[in-house]
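The structure appears below as structure tokens.
What follows is calculated from the coordinates using simple rules that are stated; it is not laboratory data. The structure presented is a predicted model; accordingly, all values stated were derived computationally and were not measured. Please note: Cβ atoms are built from the backbone with ideal geometry, for glycine as well, and neighbour counts cover all protein chains shown.
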Amino acid sequence: GENVEQHPSTLSVQEGDSAVIKCTYSDSASNYFPWYKQELGKGPQLIIDIRSNVGEKKDQRIAVTLNKTAKHFSLHITETQPEDSAVYFCAANEGGADGLTFGKGTHLIIQP
Amino acid sequence: SQTIHQWPATLVQPVGSPLSLECTVEGTSNPNLYWYRQAAGRGLQLLFYSVGIGQISSEVPQNLSASRPQDRQFILSSKKLLLSDSGFYLCAWSAGGASGNTIYFGEGSWLTVV
């Protein structure tokens with residue numbers, strides 16, 4: 001089955017700086033890669049996703065890049081703000097109905 | 001628009017007691033439904049998924065079970081809870097049919113087994 005590794009587990013950045021979270025996956029058949037943001041005590045919320053036929057996708061301050069050859073994808077947040085503080089999860093789907101395989105999460109801390 | 005509801009939001013149960021968490025989805029038909037568990041400070045583990053009424057697939061052997069009595073209703077149950085069942089349980093849905101569809105999560109249910 002699929003295996004997703006996510007790094008770092010904790011990331012602290014100064015407000016206004018950029019943050020980058022990286023994930024690797026094992027199954028070359030995976031074709032869908034979403035990113036979720038989870039605030040304390042709440043369910044994860046989808047913030048951006050990318051499919052295997054695209055190399056990069058951007059939505060305002062958030063961007064995701066995908067390298068299918070190397071089997072890794074990354075989340076980039078620019079001009080970080082205090083409300084960006086949360087746990088971020090990457091995930092991959094290998095094409096079945098059995099849901100997503102998640103990374104272990106990154107706790108992003110924005111220092112004022 | 002589609003919405004997902006799960007309840008109760010918080011539950012404290014003694015060891016050996018039964019469990020029932022319910023989830024319903026509105027605004028869509030024939031969704032794929034999922035139950036995930038998230039232990040404190042850890043990632044999301046898929047417990048069960050369902051592609052249709054009465055069709056349940058289990059990902060992890062345990063003392064939990066799931067049922068889908070109606071198209072948009074998904075229930076997570078246990079006959080006897082263990083301490084290790086404590087955690088944050090998340091129901092989720094995606095559009096049925098094609099794979100690689102976006103998965104949307106509910107707000108979660110905190111279960112503490114004492």
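My understanding is that a pair violates if its Cα-Cα distance is over 29 Å; which of A:Lys71/A:Lys104; A:Lys37/B:Lys79; A:Lys68/A:Lys104; A:Lys42/B:Lys79; A:Lys57/A:Lys104 do that in this structure? Let's see the in-between values first.
Values: A:Lys71/A:Lys104 17 Å; A:Lys37/B:Lys79 33 Å; A:Lys68/A:Lys104 21 Å; A:Lys42/B:Lys79 26 Å; A:Lys57/A:Lys104 23 Å.
Table pairs above 29 Å Cα-Cα are A:Lys37/B:Lys79.
Normalised by 2.2 N^0.38 Å, where N counts its residues, the alpha-carbon radius of gyration of the protein assembly as shown equals 1.02. Taking Cβ separations below 4.7 Å as the criterion for a possible disulfide partner, the protein assembly as shown contains no isolated cysteines.
The Cα center of the range B:58-82 and the Cα center of the range B:25-40 differ in position by 12 Å. Taking every Cα-Cα distance in chain A and sorting them into 5 Å bins from zero, the calculated P(r) comes out as 2, 13, 25, 25, 19, 10, 5, 1, 0 percent.
Karplus-derived 3J(HN,Hα) values for the range B:68-76, using 6.51 cos²θ - 1.76 cosθ + 1.60 with θ = phi - 60°, are 10, x, 9, 4, 10, 10, 9, 10, 10 Hz; glycine and proline are entered as x.
Within 10 Å of each Cβ in A:23-32, how many Cβ atoms from other chains are there, averaged over the peptide? The partial results should precede the final answer.
Working: counts 0, 0, 0, 0, 0, 0, 0, 1, 2, 5.
Average neighbour count from other chains, rounded to a whole number: 1.
Rounded to whole numbers, the Karplus 3J(HN,Hα) couplings from phi for the range A:15-30 are 3, x, 7, 9, 10, 10, 10, 10, 9, 10, 10, 9, 8, 5, 7, 4 Hz, using 6.51 cos²θ - 1.76 cosθ + 1.60 with θ = phi - 60°, and x at Gly and Pro. The slack between A:Asn3 and A:Ala70, meaning 0.36 nm per residue of separation minus the straight C-alpha distance, is 22.7 nm. The spread of Cα positions in the range B:26-114, taken along each principal axis and listed from longest to shortest, comes to 39, 26, 22 Å. Comparing Cα centroids, the range A:18-62 and the range A:68-112 end up 5 angstrom apart.
Our coupling estimate for the range A:68-73, obtained by passing each phi through the Karplus curve with A = 6.51, B = -1.76, C = 1.60 and θ = phi - 60°, is 5, 5, 8, 6, 9, 9 Hz, Gly and Pro reported as x.
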